[in-house]
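Have a look at the structure below, then the notes.
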């Protein structure tokens, strides 16, 4: 499960599972992040990205794709899969 904090002063934390975040086409994502590393997993490429959240995020791209360290990618969330946790 990944966390997304909306804004610096917001008390709302939105959560999502890593498989609900994917690399999107240029300017088609919800936010941009920088590639830390990428790994080919057979039918997909897994990336570790950072920049829009306080911790690195695991995301996937379909098929075998090449990403370079520090490359900026668009990340798209499955908005139907977002949830909050009551404390």
Next item on the list: Kindly indicate the residue of the range 61-76 that is part of a strand (DSSP E or B) and modelled with pLDDT of 90 or more and also farthest from residue 27 (Cα to Cα) among those meeting that condition.
Entry: 61
Next item on the list: Give the range 77-87 a look and list any residue that's assigned to a strand (DSSP E or B) and within 18 Å of residue 25 (Cβ to Cβ), or say none.
Entry: 77
Margin query: Of everything in the range 28-55, what is assigned to a loop (DSSP other than H, G, I, E, B) and either in contact with a helix residue (DSSP H, G or I) (Cβ under 9 Å, 6 or more places away or on another chain) or over 15 Å from residue 76 (Cα atoms) (or both)? Give them in sequence order.
Written below: 30, 41, 42, 43, 54, 55
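The values are calculated or read from the model by the stated rules, or taken from the named source; none is laboratory data. Here the structure is a predicted model, which means the values were calculated and not measured. All Cβ positions, even for glycine, are placed from backbone atoms using ideal geometry, and neighbour counts span all protein chains on display.
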